[in-house]
Amino acid sequence: MLWHWKESCLYGLALLCNPPSSSPYDDKWKSVRSNGKVYNLKRPGSQGSAPGDPHHRVRRSTQRPDSPPGARPPPSFGNSTARTARRVPRSELRWNREERRTATSRQEELKLTSSTFALTGDSAHNQAMVHWSGQNSSVIFTFESTDYGTTYEKLNEKVGVKTILSYLYVSPNNKRKIMLLTDPEVESSLLISSDEGATYQKYRLNFYILSLLFHPEQEDWILAYGHDQKLYSSVEFGRRWQLVHERVAPNRFYWSKLGLDKEPGLIHLETKALYVTCKLQNCTDANKGKPFPGYIDPNSLVVQDEYVFVQVSTGGRPIYYVSSRRDVFTPMKLPKYTLPKLQTFTKSDFFSPAVQGRRCYRGPSVAGIKGMFLANKKLNNEVKTYITYNKGRDWRLLQAPSADLRGNRIHCMLPYCSLHLHLHVSANPYTSGNIASRELAPGIIVASGSIGAELTSSNVSMFITSDAGNTWRQIFDEEYSVLYLDQGGALVAIRHTPLPIRHLRLSFDEGRVWNKYSFTSSPLFVDGVLGEPGEETLIMTIFGHVSHRSEWQLVKIDFRSIFNRRCIESDYVPWDLHDQGERCLMGVKRVYRKLKPIARCVMGKTYSVTTISEPCDCTESDFECDYGFERRADGKCTPAFWFLPSSMSRTCTTEHTFLNSTGYRKVVSNNCTGGVMEQYTARRQLCPSQAPRGLHLVTSEGKLTATLASNVTFLVFLEEGDGSKTSITVDFGDGNAFTYSNVSSIEDGIKHIYKNVGIYRVSATAENSLGTETVLLFLHITCQLESIHLSAPFVAVKNKEVNLTVVLSPSQVGTVTYIWWFGNNSEPVITLEGSVAFTFSREGISVVTVQVSAGNNILQDRKTIAVHEYFRSHLLAFSSNLDDHNPDVAEWRLDVSRVIKNSMVQATGVNSDQLLVTVLPGLPTVAEFFLLPDKQLTEGKPDKTLSELVLSALNQNLVQFTLRPGVQITVYAAHLSAAPLVDTSENHSGSAMLMLLSVVVVGLAVFLIYKFKRKIPGLHIYAAMQDEKEQEMIQSPVSLTDSTPSFSSQRELLTTLEPLDTEPNSQTIGEYHAVLYRPSVPTSDTSPF
C-alpha cells in the first residue's frame, strides 16, 4: 500500500500551507481543505490520464459538467464543500447527540480492531492519496506500507531525500515492477524498481512524459506520450526509449490486440488526420499501414477490442465508419434522424432506439449480470429511472419499496410513482459514488435516490436490492457511502456528514440489519475510504484528520475479528435470476450461488461466483427491431417511413447473395436457441437483377476542394445493382474519362491529378443492361495565393469615379472573393471581380482596404488616396545614376518620395501642404508630383504661377538631393508634351471648335486603343465602351520596365489622349473642365507625400 501527499504551497496555495489560528472561519478552512483535494486516476494497462492533461483530476464535491438534469454530484465525506455549505439537518444533530450520550458507555459498544498511523509533521498538506500498488497518482512525496497500513516509511529515503516525485505506475502484468516519474520542472528522469519498491534505479529522460500505456500482455512494453505530441516506445520497462511517431493526436494511440492484429507489436495511432498502423521498433514510411483510405476527422480514431471506429465529415455532417475484426471499413447504419440528437449530447450520454424521442443519460451496467442496465431518461422535463434485462430491448420503471425504514407503508403506484436513482459511478477510488454493484456479489445493488414522480435532489435516501432490481428496500434516510467487504459477503456503510465521526455500520445479511461499530477512539473528519482492489480482503483503510490543522490520520481496520469461521457449502443457497418472474433472460436461465443472509462467515479470496445456465427456446422477446424497422404499439416491427427495404441488398454490388431481413434481429449476446429463431432470422437470397441505383461520388477526404497538382482520390459507391455486371465511367471534367468494368475494381478509389486551376464538373455513370444512373460532383481546384497588390491612384478628384484593381500572384488561384472597405464605411463591399469603381465625395485623405479570400487563405492590402477638387500634376525624371540604387521595393520608394518632396520645397519655397510626390514602381525610376491649390489665397483653383515656378526650378536643375555619400541625384521635369501639365480647373470659354476638336481627339484615341489593344500606363480611361480594356487592365503588369512606353511614345499618346472625358457613362464630351483632367498612374504600394 502506498500513501501520497501533495504540498499545495508549491503550486501557489501558500495560504493553505500556513493556516491561521482559530477563528470564525474554521468551517471555511475545512471546506477549502477538502475542496483542494485532488485525485489522479489511472487503470493499469489502460489509457491513463488523458494525454496533454496528465493530472486528469476529479473533485468529489463538484457536479460533473456533463451530468444530466437531476443528477447529483458524487457523494463526499466529512468536510466536503458541498456538505458544509448547507444547514446541518436535524438527523445529523441527532446523531451528534447520540455520540455524546454514548461517550460514557464506550466500554460496552461494538468495536473493530484498528490501528492509527499519523503522518508526523504533515499538518500543512491539504491534498492526499492512499492506494494499493497497481494504481498511480499525482505525487510529490510518498509513504509506503508493506503490512496492510499498520506502519509506513517514506519512499523518498530510498530514492533520495531531495528527489521530487510526480507520478507512480505499476506494471499491470507484474505488480513487482514499479515506475516513478520525477517532477520535470526539477529533473526529468525515471525511477524503476523490479522488487516491489525495495530498490530503485534512476534513468534520465530527454522528453516530458504526459501519459503511459502499458501493453496488455507484455509486461515490459510501454508507450509514452510526450508534451510535444511525440509518441515513444520502450521494450525494457522504460530503461530505453525510441521515437515511434511525431504529431500524434492526444489519447489516440492503441496497442494491438492478440488474435486480431497480424503482429503483437503493432500500434494503432492517429497522426495528421490519418489512421496509421506502425511497427513497434520500426515505424518507417515503408512499414506504415493505412487501413482507412483518406483523411479522418481530428481525434476520431477509437480502437476497442475487435472494432475500429473513425469519423469523416462531409458537407458539415459526420459519417461514421467501423471495421470489424480489422476488416475493411463500412459506413455505420444508424437509425435515420437520430444522429442530430446524438450530436447534441455529451460523451457521457447515449441514445437507444428503444426510447427514441427521449434523452437517455448513461447509467451503469449491473456488475455480474449480463444484459442488465439502469438508465435515467428525461421526458417532459422529468428525469425517471428505468431498468432493462435484455440490453435495452425493453425498459420499465423501478417499483418503489412497499415500506420505509420505520415500517410505514409507502403508497406509490406505477407509472405515476416509482423509485428513481442517482446513477453516478465514482471514478474516485476513495468514494463509492451514488450507485455500486460488484461482479462477485450478483444481484446486490446499493444506490441513493428518491421516491416520487421524478428524480429529485432533495429527500435523498439509500436503497438496496438483493434480487437484481425486482424489489428494493430503504436502508438509510440520509446519504451513506456503502462499500463491499469479503466479496460482498458484508457491507460497510459510512455516513456523509460535515461533522467528525467515529462509527461505521456493518451488515451481514444484504442490508437487512445494520450493526453500529466504532473504528477509532477520537472522532475523525473522514476524507476517504479504501479497500484492496477487488474487495477480496477484510482490511480497510480510512483516512482523514482530527481538525483542519492536524496531521493526516490513517486508520487501518481489520474486520477479521468479527467473523468466527470460514464459509462452508451449507452456507450457500441457489438464487434464480429473473425479471418479475420471467427466468429466461438473454436466452438462458441462470442460477447463482449466494451466501445465506443468516450466515456470518468469511468467503475469502478463493471464492468465485458459481452459475448454472440452461438455454431457453427463442421467443419474440429475444429479438429487437432490425435496422430501418420500428416497433408498433402491438409489438410488431414494421419499416420506418424513411427506410427502403431494397437498400438491404447493398451487398449485391459485390456479392451474388444477400440477407433479406425479416424486420427482426436477435439481441446482441442473447443465447437462445430453437423456438422462433428461423421465423425471425434474416434469410439469404439470390441478388435480384436490377438497374443501378444509389450511385455516390465523393473524394476520399470528403471535401469539394483540392490543391493543384495533388493526387485526388475519388470514391464511387453503388447502393443497389449487380456490381459485377455494372460498369462505371468517371469523367474528370478536364478532358479525361475512364471506364471500369465493374464496381469491385474501384474499391480502393480512383486517383487523378489536375494541372490547371478551375471548377471541374466530375461525373460518374453506372450502367448495366437494365439502366443507367449518373451522379455529379463539382470540384474546385485551387492553388495557394501568395500575394496581392492593390493598384490605385495616389490622388483622386472629388466626385469623380476612380478605378481600383487588385493584382494576384499567382494570377490564377481558383474561386476568389474580394472584400473592400472605403474610408470610414463600416459595411464592406463584396465582389467576385478584382476591379471596382468608386467615387469619393469628400476631400482629404481616404484609406482603401481590400481583402482577398481564396480557400482558407485571406490576404490584405491597403492604399491611401488624397482626394481634392482640383490639382495639377507632372511626371518627374532623374539622373540615370538613381537606377543603379533602386531596389524597386515599396519602403525605398516611400523614403525617396519624402526626400524629393523636401528638396522641391527647399528649391521653390512651395508650401509643403500643397505638394505631393510619389515614386512609381519599376525601372527606369519615374516619379509624379501633384500641386494642390492653396484655398486660403485663391478660390480653390490651381495657381499657374506656382506651377510655372516649380517647373522652372526643375528645368534649371535646382532640385537635387544626396542619396548616399558621393551619389548626387538631380530631379527634372519629364518633357512629354508641349503642354505637360494636367489641369483639372474649369474653363468656361465654351468654344464650339474646341469641343468639336475634342470629339475628334476622343474618337481617334478610342480607335488607336482598340487598334493596338494595349493599356497605356499612366492613364485611367473611363468610358462605357471600354469593357474589353477594363479586363486587359486587370491583367497588365504595373512595372514601368515591362509595360511603360518610352518617353517619346508617351509624349505622343499623352498629346492624343489629353482631352478625354472623365465621366464613366457619359455619351457627350461635356464641358472643358473635364477635357483637361487626367488621373495619375496607378501603382501598388506607395503613398503621396
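The values are calculated or read from the model by the stated rules, or taken from the named source; none is laboratory data. None of these values were measured; they are calculated from a predicted model. Positions of Cβ are backbone-derived with ideal geometry, glycine not excepted, and every protein chain shown enters the neighbour counts. Just the protein is used for accessible areas: all its heavy atoms, side chains included, with ligands, DNA and RNA removed. Shrake-Rupley method; radii C 1.70, N 1.55, O 1.52, S 1.80 Å.
Using the Cβ atoms and a cut-off under 14 Å, what net charge is assigned to the surroundings of residue 775, where Lys and Arg are +1 and Asp and Glu are -1?
Values: positive: 693, 761; negative: 719, 720, 731, 767, 773.
Result for the neighbourhood of residue 775: -3.
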In the range 797-944, lysine pairs closer than 25 Å at Cα, eight or more apart or cross-chain = 14
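So which of 333/751; 230/272; 262/290 end up more than 18 Å apart, counting from Cα to Cα?
Values: 333/751 27 Å; 230/272 12 Å; 262/290 14 Å.
As for pairs spanning more than 18 Å Cα to Cα, those are 333/751.
Within the range 376-430, list the chymotrypsin sites (Phe, Trp or Tyr not before Pro) lying in a DSSP loop whose Cβ has at most 14 other Cβ atoms in a 10 Å radius.
Hits after loop and neighbour filter: 416.
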inquiry  = On a full-extension model of 0.36 nm per residue, what is the gain between residue 693 and residue 456, subtracting their alpha-carbon distance, rounded to one decimal in nm?
reply    = 80.1 nm
ask   = At what distance in nm do the modelled label points of residue 684 and residue 956 sit from each other, each positioned 7 Å from its Cα along Cα→Cβ?
value = 10.9 nm
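Given a Förster radius of 25 Å and the C-beta distance between residue 550 and residue 186 as r, what FRET efficiency does 1/(1 + (r/R0)^6) yield to the nearest 0.05? Mind dumping the intermediate values first?
Values: r = 29 Å, r/R0 = 1.18.
About 0.25, to the nearest 0.05.
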Computed FRET value (nearest 0.05) for residue 740 with residue 304, which takes r as the C-beta separation and R₀ as 25 Å = 0.10
ask   = Which percent of the accessible heavy-atom area of the range 208-317 goes to carbon and sulfur, probe 1.4 angstrom?
value = 47 percent
inquiry  = Going by average Cβ density within 10 Å per residue, which order do the peptides 756-767, 325-336 take, highest to lowest?
reply    = 756-767, 325-336
key: Non-local Lys pairs in the range 499-634, i.e. 8 or more apart or on different chains, that have alpha carbons under 23 Å apart   = 5
note = Nearest-0.05 FRET efficiency for residue 705 and residue 336 at R0 = 30 Å, using Cβ-Cβ distance, is 0.60
